[in-house]
Structures are given as C-alpha cells and as structure tokens.
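The block underneath contains the structure these notes are about, expressed in structure tokens.
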Amino acid sequence: MTLAFAIILLTLIGFTVSAVFVFGWAARSAQFRDLNDGAKAVFSPDEPEGRTTDSFPHQPHIQP
C-alpha cells in the first residue's frame, strides 16, 4: 500500500511541477497578453463572431 501511495504522490508532484513550468513558459512568451484577439482568431469571415453557423449532419440549423 505504501508503494502505491508513493507512486501516486510522485505522479502528482510531477504534474504540479510540469504545470508550473508550462505556466511560466506561457507567461514569458507573452501568451497571456491579448486574450481577446486569440479568442477571435478561430472565426473566419464566413463564420462571424457571435452567430451560430454549425449544426449536426442531417439536423436543421437552429438560431438562438
């Protein structure tokens, strides 16, 4: 039982250290400077922001 606890603890510590390093890298490389432009980057001119244009195949498109 103590071996399983040690493995789980080391895994959690590893994930935590990895998350801190990834967050530090993102902050240093300016990933958080302009979140609004990044959020709008997924929209093309054919799919305007704020209007739903996606639907499942063989189902009618429903406007909100």
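Considering the conditions (1) at pLDDT 70 or above; (2) in a loop (DSSP other than H, G, I, E, B); (3) not small (Gly, Ala, Ser), PHE43 is excluded by exactly one of them, (1).
Can you confirm whether ALA6 is under 22 Å from the mean Cα position of the chain (by Cα), modelled with pLDDT of 70 or more and open to solvent by less than 100 Å² (accessible area, probe 1.4 Å)?
It is false that ALA6 is under 22 Å from the mean Cα position of the chain (by Cα), modelled with pLDDT of 70 or more and open to solvent by less than 100 Å² (accessible area, probe 1.4 Å).
Among the criteria (1) modelled with pLDDT under 70; (2) open to solvent by 100 Å² or more (accessible area, probe 1.4 Å); (3) not aromatic (Phe, Trp, Tyr), the one HIS61 does not fulfil is (2).
Could you list all residues from the range 1-35 that are of a type in the set (S, T, N, Q) and part of a loop (DSSP other than H, G, I, E, B)?
First, the residues of the range 1-35 that are of a type in the set (S, T, N, Q): 2, 11, 16, 18, 29, 31.
Once the filter is applied, which keeps residues that are of a type in the set (S, T, N, Q) and part of a loop (DSSP other than H, G, I, E, B), the range 1-35 yields SER29, GLN31.
The values are calculated or read from the model by the stated rules, or taken from the named source; none is laboratory data. In this text the structure is predicted, and so the values were computed from the model without any measurement. The area values use the complete protein model at the heavy-atom level, side chains included, leaving out ligands, DNA and RNA. Shrake-Rupley method; radii C 1.70, N 1.55, O 1.52, S 1.80 Å.
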